[in-house]
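Nothing in this text is a laboratory measurement; each read-out follows from the coordinates by a stated rule. Values in this document were obtained by computation on a predicted structure and should not be read as measured data. Here the Cβ is made from the backbone with ideal geometry for all residues, glycine too, and neighbour counts use every protein chain on show.
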Amino acid sequence: MTNHYMYMFFLFLQTLFVFSLGYYIKSAMQWYSYKIERVIFHYNKPMWHLLYFVFPVCLYYVFCFFGLYILFIVLAPIYFVALYLWKKRLDKSLRFTARVKRFFLFLLLAVVFNDMLCFILYAKLGSCFFGVLMPLILALIFSNIYEAILFSGFKKEAVGKLKSMQDLRIIAITASYGKTSVKNFLYHILSFKFNCYKTPRSINTLVGLALDINTSLPKETEIYIAEAGARERGDVKEIAEFLKPDIVVVGQIGAQHIEYFKTLDNIRDTKMELLLSQKLKKAFVHVSANVNANNDKRVEIWGDEITFIETSLDGTRFGMNIQGSEIVFETKLLGAFNAANLAICVHIGLYLGLDIKIIQKAIFSISSVEHRLQRMDVGGKIILDDSFNGNFEGMKSSYELVKTYDGRKVLITPGIVESTKEENEKLAKIIDEIFDFVIITGSVNVETLSACIKRTNKIILKDKTQLTQVLAENTFVGDLILFSNDTPAYM
């Protein structure tokens with residue numbers, strides 16, 4: 001009887017252990033868009049895999065193989081506590097979405113099956129050693145199959161809904177950076193004439209778009225504005241074939257996500273897949289794509305029409321060459337980079353029949369976008385929140401804006417994430433010229449930034465939970481504090 005209760009206690013700890021491992025696996029998969037290959041080959045914290053999966057699993061098998069069950073009884077709660085403390089340090093922990101809940105349901109069923117099998121074998125053989133990997137593998141396989149079937153239905157439903165909205169015009173936007181800003185600005189401008197809807201937040205995958213169409217796209221929408229993101233060749237093509245946009249924007253091309261695409265040509269070619277839309281009527285392609293329109297009247301190259309840009313901590317003013325005349329626009333938005341984001345909105349507005357004066361009025365009334373050079377005056381300090389700006393050109397532009405400030409300049413940044421070492425070296429040299437004090441967060445670019453920032457005082461802060469205290473101790477009234485880019489703890 002004692003052995004029976006001990007075995008039941010062992011199975012309980014084994015279940016706790018499996019669910020803890022499942023929590024770690026699902027966290028990693030959610031961060032990397034549920035792509036197992038990305039979790040394996042592009043994970044930014046490989047040591048976490050060793051500490052929170054490989055090492056504990058190996059210990060489990062060693063203990064069980066040699067019959068050292070008492071050691072596993074110690075291992076399981078230690079691992080659970082360690083994982084809990086790891087989760088507490090994260091700034092982006094697992095969100096229990098419907099998909100995640102379904103995974104844990106499959107995991108529960110797999111664990112029950114595993115434990116029942118072990119219990120039967122234990123009753124017949126007096127022992128059982130079945131491991132922890134089988135329920136995890138079964139849950140991953142069956143949950144992925146179920147999600148694929150579920151998405152097939154969601155996608156079919158979304159396609160049917162789009163077909164039923166016969167007067168709907170779809171605008172799809174892709175770029176290495178700036179997609180969300182262009183989407184938000186375009187929505188504001190076009191709303192002066194049309195009933196518009198834009199995808200919320202940064203939804204830009206096929207799955208996200210299908211779900212958004214089914215659950216949120218109003219039937220009376222005249223113009224639907226969506227983003228198209230990519231991590232590999234074919235991602236944008238899938239979205240083009242699904243949405244069939246009438247108007248396409250290929251924005252600025254840069255080295256963002258270069259680790260996935262390897263070359264800028266691959267990035268460019270992937271973005272250009274958006275022009276494969278069967279209903280394409282107009283495509284605006286940025287000059288950085290280096291493509292030839294090949295006498296295709298549907299394709300218009302943009303990006304060279306801005307005649308001047310004036311920017312300060314109060315707003316931005318810029319001019320555009322439109323049909324041989326210089327038209328001036330003013331906006332409360334900060335940062336020279338916003339001129340390009342607004343320029344493409346001007347082109348689309350004119351294409352859709354908006355009067356130039358209406359467009360000027362709309363641009364002037366645009367409010368600052370949250371986390372994109374958003375200004376706050378707090379306690380005698382100027383705080384610029386640019387934490388959603390993560391590309392070289394945009395970050396450089398914000399630094400040049402800060403350069404105009406006469407007081408002490410403080411920067412908090414992880415550098416450029418998912419880009420090249422060379423771009424971070426260039427950025428570090430600009431930082432060294434402009435800022436008086438720098439706090440380098442995260443671990444991705446610490447070595448590169450530290451080596452290149454020589455004049456400016458700097459602090460390396462790998463744990464962002466200490467940031468508030470560090471700022472309180474190192475900033476003063478009259479300082480300008482710029483939060484430049486941000487990266488979650490798993491990067």
Review point. Whose amide H sits under 5 Å from the amide H of residue 381, counting only residues 5 or more places off or on another chain, with H placed in the peptide plane?
Key: 478
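Can you tell me the order of 287-300, 24-37, 63-76, 235-248 when each peptide is scored by its average per-residue count of other Cβ atoms within 10 angstrom, highest first?
Working: 287-300: 12.6, 24-37: 18.2, 63-76: 14.7, 235-248: 21.4.
Going by the mean number of other Cβ atoms within 10 Å, highest first, we get 235-248, 24-37, 63-76, 287-300.
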Practice item. Report the FRET efficiency, 1/(1 + (r/R0)^6), for residue 70 and residue 207, where r is their Cβ-Cβ distance and R0 is 51 Å, rounded to 0.05. Key: 0.65
Check your understanding: Once the principal axes of the Cα atoms of region 374-484 are found, what is the range along each, listed largest first in whole angstroms?
Key -> 37, 28, 26
Point to revise | Three principal axis lengths of region 166-364 [C-alpha, angstrom, descending] | key: 41, 39, 37
Check your understanding: What percentage of all Cα-Cα pairs in region 314-460 are separated by more than 22 Å?
Key -> 47
Revision key, fill the gap. Sequence order, region 458-473: Karplus ³J(HN,Hα) from phi using 6.51 cos²θ - 1.76 cosθ + 1.60, θ = phi - 60°, Hz rounded, Gly and Pro as x, gives 9, 10, 9, 10, 7, 10, 6, 5, 8, 4, 4, 5, 4, 5, 4, 7
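Show that you can apply the helix-only estimate: for the chain, add -39,500 (n - 2.57) for every DSSP H stretch of four or more residues, divide by all residues, and state [θ] at 222 nm to the nearest 500. List each step's numbers first, then the result.
Details: 18 runs with 241 residues, N = 491.
Here the helix-only value at 222 nm equals -15500 deg cm²/dmol.
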Practice item. Take the Cα of residue 16, step 7 Å along the line toward its Cβ, and report every residue of region 58-93 whose backbone nitrogen sits under 15 Å from that point. Key: 70-85
Point to revise | Pairs beyond 24 Å (Cα-Cα), from 361/396; 155/279; 198/396 | key: 361/396; 198/396
Check your understanding: Got a sec to turn the phi values of region 66-78 into Karplus ³J(HN,Hα) couplings, 6.51 cos²θ - 1.76 cosθ + 1.60 with θ = phi - 60°, whole Hz, x for Gly and Pro?
Key -> 8, x, 8, 5, 5, 6, 5, 4, 7, 4, 4, x, 5
Practice item. Jot down the radius of gyration and Dmax of region 134-209, Cα atoms only, both in angstrom. Key: 17.2, 57
Study note, to complete from the structure: Any aspartates and glutamates whose Cα falls less than 20 Å from that of residue 421, other than same-chain ones fewer than 8 residues away, would be 259, 265, 393, 432, 433, 447, 486
Practice item. For residue 390, list long-range residues whose amide hydrogen, built 1.01 Å from N in the peptide plane, is under 5 Å from its own amide hydrogen. Key: none
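List the relative contact order of region 2-149 as a percent without decimals, with contacts defined as Cα pairs under 8 Å and 6+ residues apart. Numbers along the way, then the final one.
Values: 89 pairs, mean separation 44.7, N = 148.
Across region 2-149, relative contact order equals 30 percent.
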Check your understanding: Cα-Cα pairs above 28 Å in region 73-217: how many percent?
Key -> 47
Exercise for review: Mind pulling the angle between the C-alpha long axis of helix 2-31 and the longest principal axis of the chain? Nearest 10 degrees, somewhere in 0 to 90.
Suggested key: 10
Exercise for review: Report, in whole Å, the centroid distance computed from the Cα atoms of region 20-64 and region 257-309.
Suggested key: 38
Exercise for review: Would you please calculate the Kirkwood hydrodynamic radius of the chain over all C-alpha pairs and express it in Å, rounded to one decimal?
Suggested key: 25.5
Check your understanding: Taking amide H positions as placed 1.01 Å from N in the peptide plane, with prolines and chain starts having none, which residues 5 or more places from residue 301, or on another chain, fall under 5 Å of its amide H?
Key -> 285
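Which entries in 237/297; 45/101; 45/92; 45/462; 179/429 show an alpha-carbon gap greater than 19 Å?
Working: 237/297 21 Å; 45/101 25 Å; 45/92 14 Å; 45/462 13 Å; 179/429 27 Å.
Among 237/297; 45/101; 45/92; 45/462; 179/429, the Cα-Cα distance tops 19 Å for 237/297; 45/101; 179/429.
Ranked highest first by average number of other Cβ atoms within 10 Å, how do 50-60, 219-229 line up? Write down the numbers at each step before the final one.
Details: 50-60: 16.0, 219-229: 20.0.
By packing density, highest mean first, the sequence is 219-229, 50-60.
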Revision key, fill the gap. What the 5 Å binned alpha carbon P(r) of region 307-352 shows, as percent of pairs per bin from 0, is 5, 24, 32, 22, 12, 4, 1
Point to revise | Rounded to 5, percent antiparallel among DSSP beta bridges of the chain | key: 30
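Two-decimal Rg/Rh of region 2-149 from alpha-carbon positions, Kirkwood Rh?
Numbers: Rg = 15.8 Å, Rh = 16.2 Å.
Rg/Rh for region 2-149 comes to 0.98.
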Check your understanding: Do any chymotrypsin sites (Phe, Trp or Tyr not before Pro) in region 109-208 lie in a DSSP loop with no more than 13 other beta carbon atoms within 10 Å, and if so, which?
Key -> 129
Exercise for review: Calculate, in nm to one decimal, what residue 145 and residue 355 gain on full extension: separation in residues at 0.36 nm each, minus their alpha carbon distance.
Suggested key: 70.5 nm
**Study point:** Set of aspartates and glutamates near residue 87 by C-alpha distance (under 16 Å), chain-local residues within fewer than 8 positions excluded
**Key:** 463
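What are the GluC sites (Glu not before Pro) within region 340-405 that DSSP puts in a loop, where the Cβ has at most 15 other Cβ atoms within 10 Å?
On the way: sites: 370, 393, 400; in loops: 370.
The qualifying sites are 370.
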Exercise for review: Measure nothing fancy, just the Cα-based angle from helix 392-403's long axis to the longest principal axis of the chain, in degrees from 0 to 90, nearest 10.
Suggested key: 60
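Can you tell me the order of 203-213, 442-452 when each peptide is scored by its average per-residue count of other Cβ atoms within 10 angstrom, highest first? Each step should come with its number before you reach the end.
Details: 203-213: 20.2, 442-452: 18.1.
Per-residue Cβ counts within 10 Å, averaged per peptide and sorted highest first, yield 203-213, 442-452.
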